[in-house]
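**Q** Input: one structure, supplied below.
The values are calculated or read from the model by the stated rules, or taken from the named source; none is laboratory data. This one's a predicted model, so the numbers in the text were calculated from it and none came from an experiment. FYI the Cβ positions are ideal-geometry reconstructions off the backbone, even for glycines, and counts take in every protein chain you see.
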Amino acid sequence: MGRRRTVHLNLPEGMRARTWSSGKTYYYLEAGGKTVALGPVYIDALRKYCDLARVPERPLCGWSDLASRYQVKCLPLKAPKTQADELSRLKRLNQFFAEVTDIDQIEARHLRMYQSWRLDTMAEQEAGRRRAWLPATRKGDGKVAVNREITLFSTIWKFARQSDYTQAPCPAETVQRFRERGRKDVYTEDEVLEAVYRAGDQALRDALDLAYLTGQRRADVLAMTEAMIRPARQRLPDGGTADVRTIPVRQEKTGNKVRMILDGALGELVTRIQADKRAHKVISLALLVTESGERLTLQMLRGRFEKARRIAAEAAEASGARDLAADIRNFQFRDLRAKAGSDKAEETGSMIEAQKLLGHSAASTTEIYVRHRRGALVRPTK
(Lines give C-alpha, C1' and ligand atoms only; values in the text may rest on other atoms or scores of the structure.)
Protein backbone atom coordinates (compact mmCIF):
# COMPACT_ATOMS: atom_id res chain seq x y z
CA MET A 1 0.00 0.00 0.00
CA GLY A 2 2.89 2.40 0.68
CA ARG A 3 2.98 5.37 2.96
CA ARG A 4 0.10 7.83 3.05
CA ARG A 5 0.95 11.15 1.48
CA THR A 6 1.23 14.12 3.83
CA VAL A 7 1.91 16.79 1.17
CA HIS A 8 0.36 17.66 -2.20
CA LEU A 9 -3.00 16.37 -1.01
CA ASN A 10 -5.05 18.54 -3.35
CA LEU A 11 -3.68 17.33 -6.67
CA PRO A 12 -6.28 16.21 -9.22
CA GLU A 13 -6.66 12.53 -10.03
CA GLY A 14 -3.67 11.08 -11.91
CA MET A 15 -1.39 14.02 -11.18
CA ARG A 16 1.66 13.31 -9.04
CA ALA A 17 4.41 15.47 -7.49
CA ARG A 18 7.98 14.39 -6.79
CA THR A 19 10.58 16.38 -4.89
CA TRP A 20 14.15 15.61 -5.94
CA SER A 21 17.29 15.81 -3.83
CA SER A 22 17.95 19.26 -5.23
CA GLY A 23 14.82 20.43 -3.46
CA LYS A 24 12.88 21.10 -6.65
CA THR A 25 9.41 19.64 -7.13
CA TYR A 26 8.32 18.29 -10.49
CA TYR A 27 4.81 17.32 -11.52
CA TYR A 28 3.79 14.33 -13.62
CA LEU A 29 0.68 12.82 -15.16
CA GLU A 30 0.26 9.08 -14.77
CA ALA A 31 -2.26 7.66 -17.24
CA GLY A 32 -2.49 4.40 -19.19
CA GLY A 33 0.72 3.05 -17.68
CA LYS A 34 2.70 6.04 -18.91
CA THR A 35 4.24 8.95 -17.04
CA VAL A 36 4.25 12.36 -18.69
CA ALA A 37 6.34 15.21 -17.27
CA LEU A 38 4.34 18.39 -16.66
CA GLY A 39 7.14 20.65 -15.40
CA PRO A 40 8.21 22.25 -12.10
CA VAL A 41 5.75 25.17 -12.03
CA TYR A 42 2.44 24.08 -10.51
CA ILE A 43 0.16 26.44 -12.49
CA ASP A 44 1.79 25.51 -15.81
CA ALA A 45 1.66 21.84 -14.85
CA LEU A 46 -2.02 22.13 -14.07
CA ARG A 47 -2.70 23.68 -17.47
CA LYS A 48 -0.89 20.81 -19.21
CA TYR A 49 -2.77 18.35 -17.04
CA CYS A 50 -6.10 19.81 -18.19
CA ASP A 51 -4.98 19.55 -21.81
CA LEU A 52 -3.82 15.95 -21.50
CA ALA A 53 -6.12 14.36 -18.93
CA ARG A 54 -9.26 12.71 -20.10
CA VAL A 55 -12.19 14.26 -18.25
CA PRO A 56 -15.30 12.12 -18.71
CA GLU A 57 -18.08 14.06 -20.39
CA ARG A 58 -21.36 14.52 -18.54
CA PRO A 59 -24.03 12.39 -20.23
CA LEU A 60 -26.72 14.35 -22.02
CA CYS A 61 -29.88 14.96 -20.02
CA GLY A 62 -33.11 15.69 -21.86
CA TRP A 63 -35.96 17.76 -20.48
CA SER A 64 -38.35 14.81 -20.17
CA ASP A 65 -35.81 12.84 -18.11
CA LEU A 66 -35.10 15.85 -15.89
CA ALA A 67 -38.80 16.56 -15.32
CA SER A 68 -39.45 12.91 -14.43
CA ARG A 69 -36.57 12.84 -11.93
CA TYR A 70 -37.78 16.06 -10.32
CA GLN A 71 -41.28 14.64 -10.10
CA VAL A 72 -40.03 11.47 -8.38
CA LYS A 73 -37.42 12.99 -6.04
CA CYS A 74 -38.80 16.42 -5.12
CA LEU A 75 -42.58 16.56 -5.52
CA PRO A 76 -43.38 13.93 -2.83
CA LEU A 77 -41.66 16.16 -0.26
CA LYS A 78 -44.10 19.03 -0.83
CA ALA A 79 -47.58 19.74 0.49
CA PRO A 80 -50.50 18.13 -1.41
CA LYS A 81 -51.76 21.47 -2.75
CA THR A 82 -48.26 22.39 -3.96
CA GLN A 83 -47.92 18.99 -5.61
CA ALA A 84 -51.16 19.48 -7.52
CA ASP A 85 -50.20 23.00 -8.62
CA GLU A 86 -46.72 21.97 -9.79
CA LEU A 87 -48.02 18.92 -11.65
CA SER A 88 -50.37 21.18 -13.59
CA ARG A 89 -47.57 23.63 -14.40
CA LEU A 90 -45.17 20.81 -15.26
CA LYS A 91 -47.67 19.52 -17.81
CA ARG A 92 -47.44 22.84 -19.68
CA LEU A 93 -43.65 22.93 -19.54
CA ASN A 94 -43.48 19.36 -20.83
CA GLN A 95 -45.69 20.25 -23.79
CA PHE A 96 -43.19 22.86 -24.92
CA PHE A 97 -39.82 21.32 -23.98
CA ALA A 98 -40.59 17.61 -24.56
CA GLU A 99 -38.40 17.42 -27.67
CA VAL A 100 -35.31 18.87 -25.95
CA THR A 101 -32.69 16.10 -25.67
CA ASP A 102 -30.00 18.24 -24.03
CA ILE A 103 -31.08 20.78 -21.43
CA ASP A 104 -27.83 22.71 -21.91
CA GLN A 105 -29.25 23.82 -25.26
CA ILE A 106 -32.13 25.70 -23.59
CA GLU A 107 -31.56 29.46 -23.72
CA ALA A 108 -33.37 32.52 -22.43
CA ARG A 109 -34.89 33.15 -25.87
CA HIS A 110 -36.63 29.77 -25.67
CA LEU A 111 -38.32 30.79 -22.41
CA ARG A 112 -39.45 34.06 -23.98
CA MET A 113 -40.91 31.97 -26.81
CA TYR A 114 -42.62 29.83 -24.16
CA GLN A 115 -44.21 32.91 -22.60
CA SER A 116 -45.68 33.98 -25.96
CA TRP A 117 -46.83 30.45 -26.77
CA ARG A 118 -48.65 30.07 -23.44
CA LEU A 119 -50.45 33.40 -23.73
CA ASP A 120 -51.54 32.61 -27.29
CA THR A 121 -52.71 29.13 -26.26
CA MET A 122 -54.78 30.42 -23.34
CA ALA A 123 -56.30 33.18 -25.48
CA GLU A 124 -57.36 30.62 -28.09
CA GLN A 125 -58.88 28.36 -25.43
CA GLU A 126 -60.93 31.18 -23.92
CA ALA A 127 -62.08 32.33 -27.36
CA GLY A 128 -63.27 28.79 -28.10
CA ARG A 129 -65.21 28.68 -24.85
CA ARG A 130 -66.89 32.00 -25.64
CA ARG A 131 -67.90 30.76 -29.08
CA ALA A 132 -69.42 27.68 -27.43
CA TRP A 133 -71.25 29.89 -24.89
CA LEU A 134 -69.26 28.33 -22.04
CA PRO A 135 -68.11 30.28 -18.95
CA ALA A 136 -64.53 31.47 -18.80
CA THR A 137 -62.08 29.18 -17.00
CA ARG A 138 -59.82 31.94 -15.67
CA LYS A 139 -59.74 35.59 -14.76
CA GLY A 140 -57.31 37.97 -16.41
CA ASP A 141 -55.00 37.17 -19.31
CA GLY A 142 -53.04 34.33 -17.67
CA LYS A 143 -49.79 36.22 -17.16
CA VAL A 144 -49.66 35.27 -13.48
CA ALA A 145 -49.96 31.60 -14.43
CA VAL A 146 -47.07 31.96 -16.90
CA ASN A 147 -44.94 33.61 -14.20
CA ARG A 148 -45.56 30.66 -11.89
CA GLU A 149 -44.56 28.23 -14.65
CA ILE A 150 -41.29 30.09 -15.26
CA THR A 151 -40.64 29.99 -11.51
CA LEU A 152 -41.14 26.21 -11.56
CA PHE A 153 -38.69 26.00 -14.47
CA SER A 154 -36.10 27.79 -12.30
CA THR A 155 -36.78 25.39 -9.42
CA ILE A 156 -36.28 22.38 -11.69
CA TRP A 157 -33.08 23.89 -13.09
CA LYS A 158 -31.73 24.36 -9.58
CA PHE A 159 -32.45 20.69 -8.93
CA ALA A 160 -30.58 19.84 -12.15
CA ARG A 161 -27.49 21.77 -11.01
CA GLN A 162 -27.54 20.21 -7.56
CA SER A 163 -27.85 16.75 -9.14
CA ASP A 164 -25.00 17.47 -11.60
CA TYR A 165 -27.21 17.14 -14.67
CA THR A 166 -25.93 20.53 -15.79
CA GLN A 167 -23.59 23.24 -14.62
CA ALA A 168 -25.04 25.95 -16.85
CA PRO A 169 -26.68 28.97 -15.20
CA CYS A 170 -30.47 29.01 -15.28
CA PRO A 171 -31.73 30.55 -18.54
CA ALA A 172 -34.70 32.07 -16.67
CA GLU A 173 -32.41 34.45 -14.77
CA THR A 174 -32.44 36.94 -17.64
CA VAL A 175 -36.09 36.45 -18.59
CA GLN A 176 -38.34 39.32 -17.52
CA ARG A 177 -41.52 38.23 -15.76
CA PHE A 178 -44.90 39.78 -16.45
CA ARG A 179 -45.88 42.50 -14.04
CA GLU A 180 -48.33 41.32 -11.41
CA ARG A 181 -50.78 43.32 -9.42
CA GLY A 182 -50.66 41.82 -5.97
CA ARG A 183 -53.43 41.75 -3.38
CA LYS A 184 -51.45 43.45 -0.60
CA ASP A 185 -53.73 46.50 -0.79
CA VAL A 186 -56.99 44.51 -1.01
CA TYR A 187 -59.18 44.70 2.08
CA THR A 188 -62.59 43.04 2.16
CA GLU A 189 -65.13 45.44 3.61
CA ASP A 190 -67.85 44.10 5.90
CA GLU A 191 -70.60 44.84 3.36
CA VAL A 192 -68.85 42.69 0.75
CA LEU A 193 -68.53 39.76 3.13
CA GLU A 194 -72.11 40.23 4.31
CA ALA A 195 -73.45 40.19 0.73
CA VAL A 196 -71.74 36.90 -0.10
CA TYR A 197 -72.68 35.51 3.31
CA ARG A 198 -76.38 36.18 2.71
CA ALA A 199 -76.26 34.59 -0.75
CA GLY A 200 -74.60 31.40 0.50
CA ASP A 201 -76.03 28.26 2.09
CA GLN A 202 -75.35 27.19 5.68
CA ALA A 203 -72.24 25.18 4.82
CA LEU A 204 -70.65 28.18 3.11
CA ARG A 205 -71.67 30.51 5.94
CA ASP A 206 -70.01 28.22 8.48
CA ALA A 207 -66.86 28.12 6.35
CA LEU A 208 -66.77 31.92 6.04
CA ASP A 209 -67.26 32.34 9.80
CA LEU A 210 -64.64 29.75 10.71
CA ALA A 211 -62.06 31.15 8.28
CA TYR A 212 -62.55 34.74 9.46
CA LEU A 213 -62.66 34.02 13.19
CA THR A 214 -59.57 31.77 13.14
CA GLY A 215 -57.64 33.70 10.49
CA GLN A 216 -56.45 30.42 8.97
CA ARG A 217 -56.01 29.35 5.37
CA ARG A 218 -58.72 27.49 3.48
CA ALA A 219 -56.94 24.11 3.64
CA ASP A 220 -56.40 24.42 7.41
CA VAL A 221 -60.04 25.39 8.00
CA LEU A 222 -61.32 22.42 6.00
CA ALA A 223 -59.03 20.11 7.98
CA MET A 224 -60.47 21.10 11.39
CA THR A 225 -62.34 18.30 13.17
CA GLU A 226 -64.11 17.78 16.47
CA ALA A 227 -61.41 15.26 17.42
CA MET A 228 -58.85 18.09 17.40
CA ILE A 229 -60.56 19.96 20.26
CA ARG A 230 -58.46 19.77 23.42
CA PRO A 231 -58.73 21.16 26.97
CA ALA A 232 -56.13 23.68 28.10
CA ARG A 233 -55.43 26.10 30.94
CA GLN A 234 -55.39 29.81 30.18
CA ARG A 235 -53.44 32.25 32.35
CA LEU A 236 -55.58 35.20 33.46
CA PRO A 237 -54.39 38.81 33.91
CA ASP A 238 -54.80 38.51 37.70
CA GLY A 239 -52.37 35.57 37.79
CA GLY A 240 -55.00 32.87 38.03
CA THR A 241 -55.89 30.24 35.45
CA ALA A 242 -59.06 29.07 33.72
CA ASP A 243 -60.00 25.90 31.89
CA VAL A 244 -60.66 26.50 28.18
CA ARG A 245 -61.21 24.50 25.04
CA THR A 246 -58.75 24.87 22.17
CA ILE A 247 -58.38 23.59 18.66
CA PRO A 248 -54.71 23.21 17.66
CA VAL A 249 -53.79 23.97 14.06
CA ARG A 250 -50.63 22.87 12.28
CA GLN A 251 -50.57 25.04 9.19
CA GLU A 252 -50.23 22.98 6.04
CA LYS A 253 -48.22 25.61 4.18
CA THR A 254 -45.62 26.50 6.82
CA GLY A 255 -45.90 23.83 9.51
CA ASN A 256 -46.36 26.56 12.14
CA LYS A 257 -48.56 25.69 15.10
CA VAL A 258 -51.42 27.77 16.51
CA ARG A 259 -53.82 26.91 19.35
CA MET A 260 -57.16 28.64 18.89
CA ILE A 261 -59.08 29.28 22.13
CA LEU A 262 -62.74 28.39 21.63
CA ASP A 263 -64.42 31.33 23.34
CA GLY A 264 -66.40 34.34 22.22
CA ALA A 265 -67.88 34.16 18.74
CA LEU A 266 -65.62 31.25 17.73
CA GLY A 267 -66.70 29.19 20.74
CA GLU A 268 -70.37 29.88 19.96
CA LEU A 269 -69.85 28.93 16.31
CA VAL A 270 -68.18 25.60 17.10
CA THR A 271 -70.82 24.73 19.73
CA ARG A 272 -73.63 25.50 17.29
CA ILE A 273 -71.97 23.46 14.51
CA GLN A 274 -71.59 20.49 16.85
CA ALA A 275 -75.27 20.71 17.80
CA ASP A 276 -76.42 20.97 14.16
CA LYS A 277 -74.36 17.96 13.15
CA ARG A 278 -76.17 15.67 15.58
CA ALA A 279 -79.36 16.09 13.54
CA HIS A 280 -77.72 14.60 10.44
CA LYS A 281 -78.02 10.95 9.51
CA VAL A 282 -74.36 10.90 8.46
CA ILE A 283 -72.08 12.29 11.14
CA SER A 284 -68.56 13.35 10.13
CA LEU A 285 -65.83 14.43 12.54
CA ALA A 286 -65.13 17.43 10.31
CA LEU A 287 -66.41 20.77 11.60
CA LEU A 288 -67.45 21.89 8.13
CA VAL A 289 -70.09 19.60 6.65
CA THR A 290 -72.82 19.72 4.00
CA GLU A 291 -76.57 19.61 4.56
CA SER A 292 -76.40 15.80 4.52
CA GLY A 293 -73.61 15.70 7.12
CA GLU A 294 -70.77 14.82 4.74
CA ARG A 295 -67.38 16.50 5.00
CA LEU A 296 -67.17 19.73 3.01
CA THR A 297 -64.44 19.25 0.40
CA LEU A 298 -62.34 21.87 -1.34
CA GLN A 299 -64.29 21.43 -4.58
CA MET A 300 -67.61 21.79 -2.76
CA LEU A 301 -66.44 24.93 -1.00
CA ARG A 302 -65.12 26.46 -4.21
CA GLY A 303 -68.37 25.81 -6.06
CA ARG A 304 -70.58 27.17 -3.30
CA PHE A 305 -68.40 30.25 -2.84
CA GLU A 306 -68.33 31.12 -6.54
CA LYS A 307 -72.10 30.64 -6.82
CA ALA A 308 -72.81 32.87 -3.82
CA ARG A 309 -70.37 35.51 -5.06
CA ARG A 310 -72.04 35.56 -8.48
CA ILE A 311 -75.53 35.86 -6.97
CA ALA A 312 -74.41 38.64 -4.60
CA ALA A 313 -72.69 40.58 -7.39
CA GLU A 314 -75.73 40.34 -9.67
CA ALA A 315 -78.01 41.51 -6.87
CA ALA A 316 -75.77 44.49 -6.10
CA GLU A 317 -75.59 45.46 -9.78
CA ALA A 318 -79.36 45.16 -10.15
CA SER A 319 -79.80 47.60 -7.27
CA GLY A 320 -77.48 50.12 -8.91
CA ALA A 321 -74.50 49.54 -6.58
CA ARG A 322 -71.93 48.97 -9.31
CA ASP A 323 -68.90 49.69 -7.11
CA LEU A 324 -70.12 47.16 -4.57
CA ALA A 325 -70.72 44.62 -7.34
CA ALA A 326 -67.14 45.10 -8.58
CA ASP A 327 -65.76 44.62 -5.05
CA ILE A 328 -67.83 41.45 -4.63
CA ARG A 329 -66.52 40.00 -7.90
CA ASN A 330 -62.97 40.79 -6.77
CA PHE A 331 -63.52 39.08 -3.40
CA GLN A 332 -61.58 35.82 -2.94
CA PHE A 333 -61.93 33.33 -0.09
CA ARG A 334 -58.27 33.77 0.82
CA ASP A 335 -58.92 37.48 1.50
CA LEU A 336 -60.60 36.47 4.76
CA ARG A 337 -57.22 35.68 6.30
CA ALA A 338 -55.91 39.15 5.47
CA LYS A 339 -59.12 40.70 6.76
CA ALA A 340 -58.83 38.77 10.02
CA GLY A 341 -55.24 39.92 10.55
CA SER A 342 -56.02 43.53 9.65
CA ASP A 343 -59.09 43.67 11.90
CA LYS A 344 -57.17 42.08 14.77
CA ALA A 345 -54.32 44.57 14.47
CA GLU A 346 -56.70 47.54 14.36
CA GLU A 347 -58.89 46.25 17.18
CA THR A 348 -56.02 45.53 19.59
CA GLY A 349 -53.58 48.15 18.33
CA SER A 350 -50.94 45.43 18.34
CA MET A 351 -49.26 43.78 15.38
CA ILE A 352 -48.11 41.04 17.77
CA GLU A 353 -51.69 39.91 18.37
CA ALA A 354 -52.27 39.74 14.61
CA GLN A 355 -49.04 37.80 14.25
CA LYS A 356 -50.18 35.24 16.82
CA LEU A 357 -53.56 34.86 15.15
CA LEU A 358 -52.10 34.31 11.68
CA GLY A 359 -49.32 32.05 12.93
CA HIS A 360 -46.48 34.04 11.35
CA SER A 361 -42.96 33.26 12.58
CA ALA A 362 -41.89 36.91 12.41
CA ALA A 363 -43.76 40.15 13.07
CA SER A 364 -42.19 41.64 9.94
CA THR A 365 -44.17 39.14 7.85
CA THR A 366 -47.39 40.27 9.51
CA GLU A 367 -46.56 43.92 8.91
CA ILE A 368 -46.11 43.30 5.20
CA TYR A 369 -49.30 41.24 5.23
CA VAL A 370 -51.64 43.77 6.82
CA ARG A 371 -50.16 47.28 6.79
CA HIS A 372 -51.30 48.20 3.26
CA ARG A 373 -54.82 46.79 3.59
CA ARG A 374 -56.65 49.73 5.12
CA GLY A 375 -54.11 52.41 5.93
CA ALA A 376 -53.53 54.03 9.30
CA LEU A 377 -56.51 55.34 11.29
CA VAL A 378 -55.71 59.02 11.93
CA ARG A 379 -57.40 62.10 13.33
CA PRO A 380 -57.81 65.33 11.36
CA THR A 381 -55.61 68.38 11.92
CA LYS A 382 -58.39 70.15 13.88
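**Q** Does Ile229 satisfy being in contact with a Lys or Arg (Cβ under 6 Å, 6 or more places away or on another chain), closer than 27 Å to Glu347 by Cα, assigned by TED's automatic domain parsing to the domain that holds Val196 and surrounded by 13 or more Cβ atoms within 10 Å (Cβ to Cβ)?
**A** The answer is yes for Ile229.
**Q** Of these, Tyr165, Tyr114, which one is over 28 Å from Ala219 (Cβ atoms) and in contact with a Cys (Cβ under 6 Å, 6 or more places away or on another chain)?
**A** Tyr165
**Q** Which ones in the stretch 131-163 are modelled with pLDDT of 90 or more, among the charged types (D, E, K, R) and farther than 17 Å from Gln115 by Cβ?
**A** Across the stretch 131-163, the qualifying residues are Lys158, Arg161.
**Q** Return yes when Arg181 is without any contact (Cβ under 8 Å) to a residue 60 or more places away in the chain, in contact with a Phe, Trp or Tyr (Cβ under 8 Å, 6 or more places away or on another chain), of a type in the set (D, E, K, R) and more than 26 Å from Lys78 (Cα to Cα) and no when it is not.
**A** no
**Q** Looking at (1) in contact (Cβ under 8 Å) with a residue 12 or more places away in the chain; (2) over 32 Å from the mean Cα position of the chain (by Cα); (3) assigned to a strand (DSSP E or B), can you tell me which one Ala242 breaks?
**A** Against the list (1) in contact (Cβ under 8 Å) with a residue 12 or more places away in the chain; (2) over 32 Å from the mean Cα position of the chain (by Cα); (3) assigned to a strand (DSSP E or B), Ala242 comes up short only on (1).
**Q** Only one of (1) surrounded by fewer than 16 Cβ atoms within 10 Å (Cβ to Cβ); (2) under 28 Å from the mean Cα position of the chain (by Cα); (3) at pLDDT 90 or above is not met by Gly255, so which one is it?
**A** Only one criterion is unmet by Gly255, namely (3).
**Q** Which of the residues belonging to the stretch 172-204 are in a loop (DSSP other than H, G, I, E, B) and under 29 Å from Lys277 (Cβ atoms)? Can you show your working first?
**A** First, the residues of the stretch 172-204 that are in a loop (DSSP other than H, G, I, E, B): 175-189, 200-201.
Hits for the stretch 172-204 are Thr188, Gly200, Asp201.
**Q** Mind checking which residues of the stretch 159-172 are under 21 Å from the mean Cα position of the chain (by Cα) and in contact (Cβ under 8 Å) with a residue 60 or more places away in the chain?
**A** Phe159, Ala160, Ala172
**Q** So, one more: Got a sec? Which of Ser292, Ser284 is among the hydroxyl-bearing types (Ser, Thr, Tyr), closer than 18 Å to Gly200 by Cβ and either surrounded by 14 or more Cβ atoms within 10 Å (Cβ to Cβ) or assigned by TED's automatic domain parsing to the domain that holds Ala207 (or both)?
**A** Sole residue among the options that is among the hydroxyl-bearing types (Ser, Thr, Tyr), closer than 18 Å to Gly200 by Cβ and either surrounded by 14 or more Cβ atoms within 10 Å (Cβ to Cβ) or assigned by TED's automatic domain parsing to the domain that holds Ala207 (or both): Ser292.
**Q** Given (1) surrounded by fewer than 16 Cβ atoms within 10 Å (Cβ to Cβ); (2) free of Cβ contacts under 8 Å to residues at least 24 places away in the same chain; (3) in contact with an Asp or Glu (Cβ under 9 Å, 6 or more places away or on another chain), identify the lone condition not met by Arg129.
**A** Unmet condition: (3).
**Q** Could you tell me how many of the residues in the stretch 355-365 are buried (at least 21 other Cβ atoms within 10 Å of the Cβ), part of a helix (DSSP H, G or I) and touching a residue at least 24 places away in the same chain (Cβ under 8 Å)?
**A** Within the stretch 355-365, residues that are buried (at least 21 other Cβ atoms within 10 Å of the Cβ), part of a helix (DSSP H, G or I) and touching a residue at least 24 places away in the same chain (Cβ under 8 Å) number 2.
Conditions tested, residue by residue: (1) assigned to a loop (DSSP other than H, G, I, E, B); (2) surrounded by 14 or more Cβ atoms within 10 Å (Cβ to Cβ); (3) of a type in the set (Lys, Arg); (4) touching a residue at least 60 places away in the same chain (Cβ under 8 Å).
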| site | (1), (2), (3), (4) |
| --- | --- |
| Gly320 | yes, no, no, no |
| Leu324 | no, yes, no, yes |
| Arg337 | no, yes, yes, yes |
| Lys344 | no, yes, yes, yes |
| Glu347 | no, no, no, no |
